[in-house]
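The values are calculated or read from the model by the stated rules, or taken from the named source; none is laboratory data. Worth saying up front: this structure is predicted, and the values here are computed from it rather than measured. Ideal geometry is used to build each Cβ from the backbone, glycine not excepted, and the neighbour counts take in all protein chains shown. With ligands, DNA and RNA removed, areas are computed over all heavy atoms of the protein, side chains included. Shrake-Rupley method; radii C 1.70, N 1.55, O 1.52, S 1.80 Å.
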Amino acid sequence: MTSSASDLLAPDTGMGAVTLRVADLDRMIGYYREGVRLELLAEEHGRAVLGRGTTPIVILEHAPEMRHAAPGAAGLFHTAILFDSRADLAAALYSVATRYPNTFTGSADHLVSNAFYCTDPEGNGVELYWDRDRSEWSWTHGQVDMATIFLDPNAFIQEHLTQDALDLAAGRPGRVGHVHLSVGDVASAREFYVDRLGFATTAAMGDQALFVSAGGYHHHMAMNTWNSRGAGRRQQALGLGLVRIEVPAADDLGALTERMRHAGVDTRDDGRTVGFEDPWANRIEVTAAG
C-alpha cells in the first residue's frame, strides 16, 4: 500500500462512464433505457451514450464482428451505478423487475450501501445501488466494514418507490459509483491499482478480492478472482471496452502520468487523457474534471 500522499490519487477522484462493446446495439440500448432507466444522451455511428441528467454512465459501441470472451477470462465483473436517493434506486429496480425480470441476480445490504445486481442481455454485470451517509460507515484498522446481508427487493420497492421517481427519471442525478473487475490474481491487482495507480486499499478478502478507493470512499474499484483465477491478458472480445477515472485537476493528471511512467507502465498521453492497460489488458483512461 502506498505510504505518501504524493503517491495517492487526489481525494476527489471519481469514476467516469464505462464503455461496453456490444453485439446487438438496439437491444442493449433498450435494456439500459427501459430497465436501468438511463437516458439516451447521444447516438451516432454505432455508438450510444446513456446516462442520467447530463452525466454519461454507459457507452455502448457496436462491435458485431466480435465474439464473447471465453469462460474464466478477465474483464468486467460489474458496472455499479450509484443513485442519489433510495426512491430513484427503487424505480430502477422496479423497471428491471417488470421489464427484464430474468436479468435480476441478487441483492444485499453491504452496511455502507444497498445494492441490487443484474446481468444485461449480453452478460455484463450491473449493480444498482444507493450509499448510506459516510457518517454511518464504520472503519476498523483502516478498512471499511462491509458485509453481505440479505435485502428483500420486493420490500425495498414497497418501502421506497414513489410515483415521482417513476415519472421524473429525466434529469435526475446518477453516476458510475464504482467498477468491479475480474482479474487473474489479487497480488498483481494490488501492485498495479494501489502501488502504481495510487488508490488506497479499503478492504481485502485474502487472495480472492481487493477493494480500493480515493478520498476515503468505500471503493471506487474492486478486483476479484471468483470466476477468473489465473486468467491472462484479455483478447479482443465483446464486453468491457474502457474504464474511465476522473481526477479533479490537470496537476493531478500530470502527477499520475509521471507516477505511472516512473513505474514502467506504458502510457498514452494526448494532453487531455492519459491511457494505459492493467496486467490483464483492461483499458483505463484518466481525465481531469472539466
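Every condition in (1) surrounded by 20 or more Cβ atoms within 10 Å (Cβ to Cβ); (2) over 17 Å from residue 15 (Cβ atoms); (3) not small (Gly, Ala, Ser) is met by residue 279 except one, and the failing one is (1).
Quick one: is residue 88 loosely packed, with under 15 Cβ neighbours inside 10 Å and more than 24 Å from residue 203 (Cβ to Cβ)? Criteria not met by residue 88.
Do we have residue 152 as over 17 Å from the mean Cα position of the chain (by Cα), at pLDDT below 95 and closer than 24 Å to residue 32 by Cα here? Considered against the rule, which asks whether it is over 17 Å from the mean Cα position of the chain (by Cα), at pLDDT below 95 and closer than 24 Å to residue 32 by Cα, residue 152 comes out as no.
Could you identify the single residue in 78, 68, 45 that is at pLDDT 95 or above and farther than 24 Å from residue 184 by Cα?
Details: 78 fails: farther than 24 Å from residue 184 by Cα; 68 fails: farther than 24 Å from residue 184 by Cα.
Matching residue, one of 78, 68, 45: 45.
Within region 197-220, the set of residues being of a type in the set (Phe, Trp, Tyr) and over 10 Å from residue 143 (Cβ atoms) comprises 199, 217. So residue 231 clears everything in (1) without any contact (Cβ under 8 Å) to a residue 40 or more places away in the chain; (2) in a loop (DSSP other than H, G, I, E, B) except one condition, right? Which one? With respect to (1) without any contact (Cβ under 8 Å) to a residue 40 or more places away in the chain; (2) in a loop (DSSP other than H, G, I, E, B), residue 231 is out only on (1).
Quick check on region 55-68. Is at least one of its residues within 14 Å of residue 37 (Cα to Cα) and open to solvent by 40 Å² or more (accessible area, probe 1.4 Å)?
The first filter runs over region 55-68 and keeps only residues within 14 Å of residue 37 (Cα to Cα), leaving 55-58.
Of the ones still in play, those that are also open to solvent by 40 Å² or more (accessible area, probe 1.4 Å) are 55-56.
Within region 55-68, one or more residues are within 14 Å of residue 37 (Cα to Cα) and open to solvent by 40 Å² or more (accessible area, probe 1.4 Å).
Taking the residues in region 237-267 that are over 22 Å from the mean Cα position of the chain (by Cα) and of a type in the set (Lys, Arg) as candidates, determine which candidate is surrounded by the fewest Cβ atoms within 10 Å (Cβ to Cβ). Of everything passing the filter in region 237-267, 261 is surrounded by the fewest Cβ atoms within 10 Å (Cβ to Cβ).
The condition (being in contact with a helix residue (DSSP H, G or I) (Cβ under 6 Å, 6 or more places away or on another chain) and free of Cβ contacts under 8 Å to residues at least 40 places away in the same chain) is satisfied by just one residue among 273, 257, 267: 267. Looking only at region 165-183, decide whether some residue is closer than 30 Å to residue 85 by Cβ, assigned to a strand (DSSP E or B) and of a type in the set (Asp, Glu). Within region 165-183 (the criterion being closer than 30 Å to residue 85 by Cβ, assigned to a strand (DSSP E or B) and of a type in the set (Asp, Glu)), the answer is no, since none of the residues qualifies.
For region 146-160, which positions are assigned to a loop (DSSP other than H, G, I, E, B) and open to solvent by 50 Å² or more (accessible area, probe 1.4 Å)? Write out each step before concluding.
Our first condition is that a residue be assigned to a loop (DSSP other than H, G, I, E, B); within region 146-160, this holds for 146-148, 150-152.
Of everything in region 146-160, those that are assigned to a loop (DSSP other than H, G, I, E, B) and open to solvent by 50 Å² or more (accessible area, probe 1.4 Å) turn out to be 146, 148, 150, 152.
Of all the residues in region 165-187, those that are among the small types (Gly, Ala, Ser), open to solvent by less than 40 Å² (accessible area, probe 1.4 Å) and modelled with pLDDT of 95 or more number 3. Scoring residue 283 on the criteria (1) without any contact (Cβ under 8 Å) to a residue 24 or more places away in the chain; (2) under 16 Å from the mean Cα position of the chain (by Cα) leaves a single failure, condition (1). Selection of region 51-94 for residues being basic (Lys, Arg) and over 30 Å from residue 151 (Cβ atoms) yields only 67.
If you check 222, 204, which single one turns out to be part of a strand (DSSP E or B), in contact (Cβ under 8 Å) with a residue 40 or more places away in the chain and either within 23 Å of residue 264 (Cα to Cα) or within 15 Å of the chain's Cα centre (by Cα) (or both)? Before the answer, list the steps.
Numbers: 204 fails: either within 23 Å of residue 264 (Cα to Cα) or within 15 Å of the chain's Cα centre (by Cα) (or both).
After applying the criteria, what remains is 222.
Condition check ((1) among the hydrophobic types (A, V, I, L, M, F, W, C); (2) over 26 Å from residue 198 (Cα atoms); (3) under 18 Å from the mean Cα position of the chain (by Cα)) across all residues:
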position: 9; (1), (2), (3): yes, no, yes
position: 21; (1), (2), (3): no, yes, yes
position: 28; (1), (2), (3): yes, yes, yes
position: 43; (1), (2), (3): no, yes, no
position: 49; (1), (2), (3): yes, yes, yes
position: 63; (1), (2), (3): yes, yes, no
position: 66; (1), (2), (3): yes, yes, no
position: 74; (1), (2), (3): yes, no, yes
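For region 107-135, filtered to residues that are open to solvent by less than 30 Å² (accessible area, probe 1.4 Å) and touching a helix residue (DSSP H, G or I) at 6+ places or on another chain (Cβ under 6 Å), the residue that is nearest to residue 239 (Cα to Cα) is 120. Residue-level analysis places residue 190 among those that are open to solvent by 50 Å² or more (accessible area, probe 1.4 Å), over 21 Å from residue 82 (Cβ atoms) and among the charged types (D, E, K, R).
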